[in-house]
Amino acid sequence: AADGVLFLVGGGIGVAPLYLYCRELVSEGSTLDHRVLLGARSSSLLIGLEAFEKLGTTTHCATDDGSDGYSGNVIDLLSSQLDGLDESTPVAGIGCGPHGMNQALLDLAIGRDLHFWISLENYMPCGFGACFGCVIPTPEGQEPRYRRVCVEGPCFPVNELPSRL
């Protein structure tokens, strides 16, 4: 999204890898319009808001209970942000968060035909691909039949993920 917007969508422990990515963007002097959207159940559970703001990154938050920022979940906030963009604006994004957030992000990205990547937080028993304990099925017709999250991920483009995570 060279002239578009890159959304970094995070919740819970998924905020940490997004912060590291964002920090790299800033240190490289990227002029890319990147926006951080953070979600939590309540303001007391919001993680990393100040750290992103210190980077000078446009940061928005959403809380399920409305105690801070957007009242609703972070995927609703993303949808609202997308609705505010011109239809011709290229959009891409990265998401990392709890399972429910990742599933909702996948549904939204597929539904709107967006170029998003999702970092999965699967349980990884061995961590180096031998046990196949962290596999996800690939969409119908794609090979291989299963992908190991620990070595072939954890980040996958949404079009390479099954419809149900």
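The values are calculated or read from the model by the stated rules, or taken from the named source; none is laboratory data. In this text the structure is predicted, and so the values were computed from the model without any measurement. Positions of Cβ are generated from backbone atoms using ideal geometry, with glycine treated the same way; all protein chains shown enter the neighbour counts. We work out accessible area using only protein heavy atoms, side chains counted, and drop any ligands, DNA or RNA first. Shrake-Rupley method; radii C 1.70, N 1.55, O 1.52, S 1.80 Å.
Seen from all directions on average, segment 1-51 presents a Cα convex hull projection of 3.6 nm².
Within segment 49-150, list the GluC sites (Glu not before Pro) lying in a DSSP loop whose Cβ has at most 13 other Cβ atoms in a 10 Å radius. Walk me through the numbers on the way to the answer.
Numbers: sites: Glu50, Glu53, Glu87, Glu121, Glu140; in loops: Glu87, Glu121, Glu140.
Of the GluC sites (Glu not before Pro), the ones in loops of segment 49-150 whose Cβ has at most 13 other Cβ atoms within 10 Å are Glu87, Glu140.
Rounded to whole Å, the principal axis extents of the Cα atoms in segment 113-165 read 34, 21, 16, largest first.
Considering only protein heavy atoms and a probe of 1.4 Å, how much of the accessible area of segment 22-165 is carbon and sulfur, as a whole percent? That share works out to 49 percent. A dipole drawn for the chain from +1 and -1 charges on Cβ atoms has a positive end, and of Thr57, Gly14, Gly84 the residue lying farthest that way is Gly14. Quick check: net charge around His60, other residues with Cβ under 13 Å of its Cβ, Lys/Arg +1 and Asp/Glu -1? Here the charged neighbours net out to -2.
Find how many whole Å separate the alpha carbon centroid of segment 137-165 from the alpha carbon centroid of segment 6-30. One Cα centre to the other: 23 Å.
The angle separating the long axis of helix 99-111 from the principal Cα axis of greatest extent in the chain is about 80 degrees. Rolling a 1.4 Å probe over the protein chains gives Ile75 an accessible area of about 20 Å².
Inverting the pair-averaged 1/r between distinct Cα atoms of segment 55-165 gives 15.4 Å as its Kirkwood hydrodynamic radius.
If you count only protein heavy atoms with a 1.4 Å probe, what accessible area per residue comes out for segment 90-144, rounded to a whole Å²?
Numbers: 2960 Å² over 55 residues.
Value for segment 90-144: 54 Å² per residue.
Remark: the chain carries a charge dipole of roughly 560 debye about the Cα centre, counting +1 on each Lys and Arg Cβ and -1 on each Asp and Glu Cβ.
Checking every one of the trypsin sites (Lys or Arg not before Pro) in segment 4-44 against DSSP loop status and a limit of 11 other Cβ atoms within 10 Å picks out no site at all.
For the chain, what is the percent of antiparallel DSSP beta bridges, rounded to the nearest 5?
On the way: 6 of 32 bridges.
So the antiparallel bridges amount to about 20 percent of the total.
Under 5 Å from the amide H of Tyr146 lie the amide H atoms of Thr138, each residue being 5 or more positions distant or on a separate chain, with H modelled from the backbone and absent for Pro and chain starts.
Under 14 Å from the Cβ of Val26, count the other residues' Cβ atoms, weight Lys and Arg +1, Asp and Glu -1, and hand me the total. Can you show the working numbers first?
Numbers: positive: Arg23, Arg35, Lys54; negative: Glu24, Glu28, Asp33, Glu53.
Combined, the nearby Lys, Arg, Asp and Glu give -1.
Cysteine residues of the chain whose Cβ has no partner cysteine Cβ closer than 4.7 Å: Cys22, Cys61, Cys96, Cys134, Cys150, Cys155.
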